[in-house]
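What follows is a set of notes on a single structure, which appears directly below.
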Amino acid sequence: MNKKKILVIADSPLAPSGVGTQTKYMIEGMLRTGEFSFVCLAGALKHDDYRPLRVDPYGDDWVIHPVDGYGNPDIIRQMLQHYKPDALWFMTDPRFYAWLWNIEDEIRPKIPMIYYHVWDNYPYPKFNKQFYDSNDVVCTISKVTDDIVRNVSPDVKCVRIPHTVDTTVFKKREKRETKDFLNIAGAEDKMVFFWNNRNARRKQSGTLIFWFKEFLDKVGHDKAMLIMHTEPKDPNGQDLEAIINELELESGQVIISTQKVPPKELSYLYNIADCTVNIADAEGFGLGTLESLACETPIIVTMTGGMQEQVTNGEDWFGFGLEPCSKSIIGSQDVPYIYEDRINKEDFINAMVDFYNLTPEQRAEMGHKGRAHVMANYSMANYSGLWYQTFKEVFEEFGSWEDRKNYKNWEMFEL
């Protein structure tokens with residue numbers, strides 16, 4: 001059987017980033033079918049060794065080439081010539097791939113381009129149309145992203161494939177498994193709120209600490225605590241330790257977890273938490289809250305990006321969703337306009353108080369339903385199945401190399 005070879009460009013699939021983990025899950029799912037092989041350009045980090053490596057136990061079926069950034073045109077040309085892949089799959093924000101779409105006239109006559117698209121918010125980014133139209137297929141991570149692509153580029157094949165989480169790792173744990181984590185955190189007799197994000201501006205890390213103090217002023221500083229799993233002095237964020245000191249929260253009200261831990265130990269943190277919080281003003285999907293729900297831990301989130309489809313299925317709620325009180329238009333030279341969703345302080349504090357006042361049984365039911373929501377809509381089986389179906393359709397509809405079809409590199413205009 002001739003395996004279909006996929007050239008992948010993304011964060012390194014061996015890295016812990018959201019893009020990296022979703023790339024890894026896709027690759028592993030397809031390798032299990034025995035019908036595919038992968039060559040990866042592994043970017044978005046600084047490598048110590050640029051020699052190709054083969055991932056055990058897959059050997060030649062999964063080869064990783066470390067690159068700076070996400071590669072360049074010459075590397076793509078070399079990959080096409082050397083490996084002769086049947087398709088190109090790439091993922092993350094379109095701002096990183098203008099150089100790739102600039103050479104689509106060299107790539108697409110040979111093989112189809114499949115773009116796994118990340119976009120956070122409205123208004124419809126019409127400035128992305130040229131990018132969307134330069135692919136054979138655009139796959140989307142959320143309902144918001146899917147609606148955006150279908151409206152901006154209605155002629156491009158579009159498939160919604162929401163992110164996933166490993167529910168064999170992120171799951172409800174026995175108390176004996178998490179006992180040591182509870183003791184270390186000093187959280188035995190407190191309600192625990194958990195925040196797992198990069199300390200970056202859009203994540204609103206400093207705002208969270210200020211507002212959490214006001215919540216504690218209402219319920220008591222000995223009644224609850226906030227664990228923040230992040231780097232407190234990230235150059236892209238605020239000095240969280242300075243904020244904690246300024247607000248006199250050094251007595252265990254807010255603690256920072258900085259140690260990088262494997263997924264299983266991260267699941268322990270979700271399990272000792274009563275609730276996971278994310279009040280980011282822009283969030284393409286929000287893997288931390290999906291991991292939390294998989295562990296049966298409810299969430300409090302901004303109703304933005306992919307988080308709004310996590311917190312409710314339209315009937316049941318798996319936490320509290322906070323509607324933005326303002327939608328400011330921000331932008332840059334690369335992204336002329338996009339909404340920045342900000343929530344109201346009182347709405348957030350009230351949601352924290354309302355969650356605090358739930359009975360243990362109500363919180364447990366909310367978490368149990370959250371896990372069921374993940375299993376029904378974001379399971380690994382669903383994710384792998386959608387990718388398998390998409391790849392099959394791509395090769396049937398578009399082909400590659402000698403049987404390439406449904407692609408033309410010209411357009412007709414009436415003058």
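Since every read-out is calculated from the coordinates, none of them should be taken as a lab result. Values in this document were obtained by computation on a predicted structure and should not be read as measured data. With ideal geometry, Cβ positions are generated from the backbone for all residues, glycine too; neighbour counts draw on all protein chains shown.
In nm, what is the difference between 0.36 nm times the number of residues separating residue 335 and residue 127 and their Cα-Cα distance?
Net length gain for the segment: 74.1 nm.
What size of dipole, in debye to the nearest 20, comes out for the chain about its Cα centre when the only charges are +1 on Lys and Arg C-beta atoms and -1 on Asp and Glu C-beta atoms?
Dipole size: approximately 720 debye.
If I model a spin label at residue 175 and residue 54 as a point 7 Å from the Cα along the Cα→Cβ vector, what separation in nanometres do I get?
Computed distance between label sites residue 175 and residue 54 equals 5.0 nm.
Under 5 Å between amide H atoms, partner at least 5 residues away or on a different chain: which partners does residue 200 have, H built in plane at 1.01 Å?
Amide H neighbours of residue 200: 205.
Any lysines with Cα under 20 Å of the residue 5 Cα? List them, leaving off those in the same chain fewer than 8 positions away.
24, 84, 110, 392, 405
Helix 143-152 versus the longest principal axis of the chain: what is the Cα-based angle in degrees, 0 to 90, to the nearest 10?
For 143-152 against the chain, the angle is about 40 degrees.
Report the net charge of residues surrounding residue 134, where surrounding means a beta-carbon distance below 10 angstrom and charges are Lys +1, Arg +1, Asp -1, Glu -1.
Result for the local shell: -2.
Tell me the angle of helix 73-83 to the major Cα principal axis of the chain, expressed in degrees between 0 and 90 and rounded to the nearest ten.
The helix 73-83 is inclined about 70 degrees to the chain.
Exceeding 19 Å between C-alpha atoms, which entries from my cross-link table qualify? They are 171/369; 223/369; 143/408.
Among 171/369; 223/369; 143/408, the Cα-Cα distance tops 19 Å for 223/369; 143/408.
In the Gaussian network model of the chain, springs joining C-alpha atoms below 10 Å, which of 18, 306, 367 carries the largest mean-square fluctuation?
Largest GNM mean-square fluctuation: 18.
Would you mind computing, in nm to one decimal, how far apart the modelled labels at residue 303 and residue 33 are, each placed 7 Å from Cα along Cα→Cβ?
Here the answer is 3.7 nm between the modelled labels.
Apply the Kirkwood formula to the chain: the hydrodynamic radius equals the inverse of the mean of 1/r over all pairs of different alpha-carbon atoms; give it in Å with one decimal.
22.7
May I ask for the distance between the Cα centers of the stretch 83-137 and the stretch 219-237, given as a whole number of Å?
38
Excluding residue 299 itself, what net charge comes from residues whose Cβ is under 14 Å from its Cβ, given Lys and Arg +1 and Asp and Glu -1?
After counting each charged neighbour, the total is -4.
Taking every pair of Cα atoms in the stretch 303-415, average 1/r, invert it to obtain the Kirkwood radius, and report Rg/Rh to two decimals.
1.19
Taking the alpha-carbon centroid of each part, what is the distance from the stretch 353-415 to the stretch 154-172 in angstrom?
Cα centroid of the stretch 353-415 versus Cα centroid of the stretch 154-172: 4 Å apart.
Fewest to most neighbouring Cβ within 10 Å: what's the order for 371, 342?
342, 371
Where is the GNM fluctuation largest for the chain (alpha-carbon springs, 10 angstrom cutoff): 230, 23, 304?
Result: 230 has the largest fluctuation of those listed.
Please report the projected area of the stretch 1-131's Cα convex hull averaged over all directions, in nm².
8.6
Find the percent of Cα-Cα distances in the stretch 95-161 that exceed 20 Å, and round it to a whole number.
Result: 21 percent of Cα pairs exceed 20 Å.
Provide Rg and Dmax in Å for the stretch 175-377, with only Cα atoms included in the calculation.
Over the stretch 175-377's Cα set, Rg and Dmax evaluate to 16.3, 52 Å.
Could you list 82, 117, 65 in order of exposure, starting from the residue whose Cβ has the fewest other Cβ atoms within 10 Å?
Lowest to highest Cβ neighbour count: 82, 65, 117.
Mind listing the phi-derived Karplus ³J(HN,Hα) values for the stretch 252-266, rounded to whole Hz, using 6.51, -1.76 and 1.60 with θ = phi - 60°, and x for any glycine or proline?
In residue order, the calculated couplings are x, 5, 10, 10, 9, 9, 9, 6, 5, 10, x, x, 4, 5, 4 Hz.
Report ³J(HN,Hα) in whole Hz for each residue of the stretch 117-128, in order, from the Karplus equation J = 6.51 cos²θ - 1.76 cosθ + 1.60 where θ = phi - 60°; Gly and Pro get x.
9, 10, 8, 8, 6, 7, x, 3, x, 4, 5, 8
Would you mind getting the Kirkwood hydrodynamic radius of the stretch 312-352 from its Cα pairs, rounded to one decimal in Å?
One decimal place: 12.3 Å for the Kirkwood radius.
Can you tally the net charge around residue 270? Count Lys and Arg as +1, Asp and Glu as -1, for every other residue whose Cβ sits under 9 Å from the Cβ of residue 270.
-1
Between 284, 34, 321, find the one with the highest GNM mean-square fluctuation for the chain; connect C-alpha pairs within less than 10 Å.
Among 284, 34, 321, the largest mean-square fluctuation in the Gaussian network model of the chain belongs to 34.
Expressed as an acute angle from 0 to 90° and rounded to the nearest 10, what is the orientation of the C-alpha long axis of helix 345-356 relative to the principal long axis of the chain?
70
Taking the number of other C-beta atoms within 10 Å as the exposure measure, put 317, 119 in order starting with the fewest.
Arranged by neighbour count, lowest to highest, 317, 119 become 317, 119.
Of the beta bridges DSSP finds with both residues in the chain, what % are antiparallel, to the nearest 5?
15
Provide Rg over Rh for the stretch 137-288; use the alpha carbon set for both Rg and the Kirkwood Rh (inverse mean inverse pair distance).
Rounded to two decimals, Rg/Rh equals 1.05.
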